[in-house]
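The values are calculated or read from the model by the stated rules, or taken from the named source; none is laboratory data. All values derive from a computational prediction rather than experimental measurement. We place every Cβ from the backbone using ideal geometry, glycine too, and count neighbours over all the protein chains shown.
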Amino acid sequence: MFKNENVRKLLWPAVALLVILLFNVFFTENFLNIEVKDGHLFGSLIDILNRGAPVLIISIGMTLVYATGGIDLSVGSVIAISGAVAAQLIRPGYIHGILEYPDPPTSLFVVIGVPLLICAIAGAWNGVLVAFVGIQPIIATLILMVAGRGIAQLVTEGQIPVFIHEPFQFLGGGFLMGVPFPVIVSILLIAAVYFLTRRTSLGLFIESSGGNPIASRYMGIKSRLIVLSTYVFCALCAGLAGLIICSDIKAADANNAGLFLELDAIAAVIIGGTMWGGRFTLAGSVIGALIIQSITTTILAFGIPPEVTLVFKALVIIIVSLIQSEGIQDAINTWKTKRAQA
Amino acid sequence: MENKKGAGMKLNLNLNLTKKNIPILSSIGIFLLLYVVGGLFFNGFFSIGVFSNLFYDNAFLGVLAVGMTLVIISGGIDLSVGSVIGFTCTFIAYLVEVKQMNPVLAMFLSLVIGTTAGTLMGFLIHNFKLPAFLVTLVGMFLFRGLAYQVSLESIPIRNELFLEMSQVGLFEYNGRTLFPMASLIFIFMVMLGVYMSHFRKFGRNIYAIGGSEPSAVLMGLPVGRTKIMVYAFSGFCSALGGIVYTFYLQSGYALAGVGMELNVIAAVVIGGTLLTGGAGFIEGTLVGVLILGLIDTILNFYGQLSSWWFRIFIGLLLFLFILLQTWLTRSNIFLKYAMKQQQKRNDAAKGLQETSQHS
């Protein structure tokens, strides 16, 4: 059973997710109930998907970066930047005390397009530093992590612009055929990335660039360009997540938007079983992100302050990575051989 | 063959020595430049009060940076420091105010917790070969969560003994305490760090591990013990930094120190410690911390730029220094210089040999 390596890798994360869900089935009231209200789906499971959409989207981008042997710490700040820019575009005068909206209202195309473009530039900055200048990824993205939140605060001048923009609000708070729109966005994104990486050779290129950049270059893979593009893609994902968060709360909080979200995304990728510089698994990251979100939702359902979820997340991450670590694996293998000999 | 190998090793030694010196010299240059520019632009910038405040306002940053420098020199990273500050603050405030505990005992307890956590993280990093950033990231989550668990709200500290302790200073000047307890702890920790890194076996082992861990293992150095001790020391520094921060805030707040780890790493890097490990100075870190403090002070004096400029400036400075480091490690200027020196030495040795043969 589970001879296929890909399936076997997904086993433990899937079991962990199931355990958390089962725990909820027994201890949380109406956990499995999904109601239809005004043609919209409601329920704890839908809520996990809906609230988990930003983490899910970022962890897809982070998976690719992680597979190239990198890490992107700046996603939290990029989220703040994209939200701040979007709010600023919708209500340009807000920070100077002018409450009127521009007439006609900023078109949806601009509100979504410009922040994403800025995020792409931010990602390109990270990517150039890592792939072409040769700075370690933790440090290269640390720069944007420190400065990015400052830039976001600069855009909103430290204020929290609130806004109303019907078409834009649909992105984070809308429903399409009863399903929350963020869920649809994340499913579409996962499908697109799956198709691009697993149905073309791009995925293998990314994995080989992470496994051995020099060998990949000798093989004719433009590994630097591939690494660069993963950072751009990751920043785009973060930007999209930022727009969803911003449109959901109808405000841009440069200080707190996306705070600690980079850690959630990294945790999701690691729990999913993606190797640092090597094989990646999108399904694993999706399960990882769902685990992270389920923990959060579970704890909220129990009335524990949401901030304390950090403790549980920490414990889950360390247990999963300990199981995957060389030391434990070696111990298990020696135990197995000993048992076989006996 | 033998000769060549020996030459290579010496050459490396030379290279490191030069690579080490350039960043710290440029940091000192930047510090002096900022100090003079600040003094020329603003009245009262050169006053002893401002200088003393430089040590007071950044004391917690400095204490953390001492531990972080050793971790980075050993080739690792510790992302948990900011959260440990938040935890220590809340923990001390909770014990002293809610549980009416003696502040000294509360501080001692928090130091024990910090050190134990550091030891545990070092143990996981070394014994299970987990990446340092992952393990310390977990530490970061854990302590932030624990801080919230202790108290969600800010707890002001009114304990007299605690407030008196925070007011003890080096000397009085114009009715103000200069170099109070917090800055004294900072200065003491820097001195301790300098002593450990330059004059103890422990320090030398850290440099060796950071330079090349496999070589350190082959040399028979106690790699595991040293690595675990480095993280334990960093945990101790974080808890002590938390105490200093509590002196500074005179309250406990679970959100204290969010994002602090980045400022600390920035200070260490700006101070000239190579992120790849194996090279750097605690003295440089002191300069790095003071540079961050100066930027903050200048922004305060200017008064029109808001706090976000601080982040942007730090980001820029971090970027410039990392660029400098990358350029230094990559460029062969020093290699050429070192080779020339080596050539000279070889020539001299040859001359000596020849003379000895002749005689």
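Picking from A:V55, A:V25, A:V19, which residue would you name as being in contact with a Phe, Trp or Tyr (Cβ under 6 Å, 6 or more places away or on another chain) and either aliphatic (A, V, I, L, M) or part of a helix (DSSP H, G or I) (or both)? Of the residues listed, the single one that is in contact with a Phe, Trp or Tyr (Cβ under 6 Å, 6 or more places away or on another chain) and either aliphatic (A, V, I, L, M) or part of a helix (DSSP H, G or I) (or both) is A:V25. Among the residues here, B:F87 qualifies as hydrophobic (A, V, I, L, M, F, W, C) and surrounded by 23 or more Cβ atoms within 10 Å (Cβ to Cβ). Within segment B:288-309, restricting attention to residues that are among the β-branched types (V, I, T) and surrounded by fewer than 24 Cβ atoms within 10 Å (Cβ to Cβ), the residue that is farthest from the other protein chains (Cβ to nearest Cβ) is B:T297. Scanning segment A:18-42 for residues that are free of Cβ contacts under 8 Å to residues at least 12 places away in the same chain and surrounded by 15 or more Cβ atoms within 10 Å (Cβ to Cβ) gives a single hit, A:F42.
Of the residues in segment A:234-256, at least one is among the hydrophobic types (A, V, I, L, M, F, W, C), touching a Pro at 6+ places or on another chain (Cβ under 7 Å) and over 28 Å from A:I34 (Cβ atoms). If I filter segment A:230-249 for residues that are in contact with a Phe, Trp or Tyr (Cβ under 6 Å, 6 or more places away or on another chain), under 29 Å from A:L144 (Cα atoms) and not small (G, A, S), do I get at least one hit? Within segment A:230-249, not a single residue is in contact with a Phe, Trp or Tyr (Cβ under 6 Å, 6 or more places away or on another chain), under 29 Å from A:L144 (Cα atoms) and not small (G, A, S). Quick check on this structure: which one of B:I228, B:I265 is in contact with a His (Cβ under 8 Å, 6 or more places away or on another chain) and of a type in the set (A, V, I, L, M)? Among B:I228, B:I265, only B:I228 is in contact with a His (Cβ under 8 Å, 6 or more places away or on another chain) and of a type in the set (A, V, I, L, M). I'm trying to understand the selection: among the residues of segment A:264-287, which are touching a residue at least 60 places away in the same chain (Cβ under 8 Å) and under 10 Å from the mean Cα position of the chain (by Cα)? Matches in segment A:264-287: A:D264, A:A265, A:I266, A:A268, A:V269, A:S285, A:V286.
Condition check ((1) surrounded by 13 or more Cβ atoms within 10 Å (Cβ to Cβ); (2) within 9 Å of chain B (Cβ to nearest Cβ); (3) out of contact with any Ser or Thr (no Cβ under 8 Å at 6 or more places or on another chain)) across all residues:
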| residue | (1), (2), (3) |
| --- | --- |
| A:I299 | yes, no, no |
| A:L310 | yes, yes, yes |
| A:I318 | yes, yes, yes |
| A:S321 | yes, yes, yes |
| A:I332 | no, no, yes |
| A:T337 | no, no, yes |
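Whenever a residue of segment B:127-151 is closer than 28 Å to A:Q329 by Cα and within 7 Å of chain A (Cβ to nearest Cβ), its partners that are of a type in the set (K, R) and assigned to a helix (DSSP H, G or I), lying with C-beta atoms within less than 6 angstrom and at least six residues away or across chains, give the pairs B:F141/A:K313.
For segment B:347-356, indicate whether the set of residues that are acidic (D, E), surrounded by fewer than 19 Cβ atoms within 10 Å (Cβ to Cβ) and either under 30 Å from B:V37 (Cα atoms) or modelled with pLDDT under 75 (or both) is non-empty. Checked segment B:347-356: at least one residue is acidic (D, E), surrounded by fewer than 19 Cβ atoms within 10 Å (Cβ to Cβ) and either under 30 Å from B:V37 (Cα atoms) or modelled with pLDDT under 75 (or both). Taking helices (runs of 4 or more DSSP H) as the structural unit, those lying wholly within segment A:133-221 and holding at least 3 residues that are over 23 Å from the mean Cα position of the chain (by Cα) and more than 14 Å from every other protein chain (Cβ to nearest Cβ) correspond to A:213-218.
Filtered by the rule that a residue be surrounded by fewer than 20 Cβ atoms within 10 Å (Cβ to Cβ) and in contact (Cβ under 8 Å) with a residue 24 or more places away in the chain, segment A:76-100 gives a lone residue, A:I95. Restrict the check to segment A:274-281 and report whether at least one residue is away from every other protein chain (no Cβ under 12 Å) and among the charged types (D, E, K, R). Within segment A:274-281, one or more residues are away from every other protein chain (no Cβ under 12 Å) and among the charged types (D, E, K, R).
Residues in segment B:98-107 that are at pLDDT 90 or above and either crowded, with 24+ Cβ neighbours inside 10 Å or under 18 Å from B:L146 (Cβ atoms) (or both): B:A106, B:M107.
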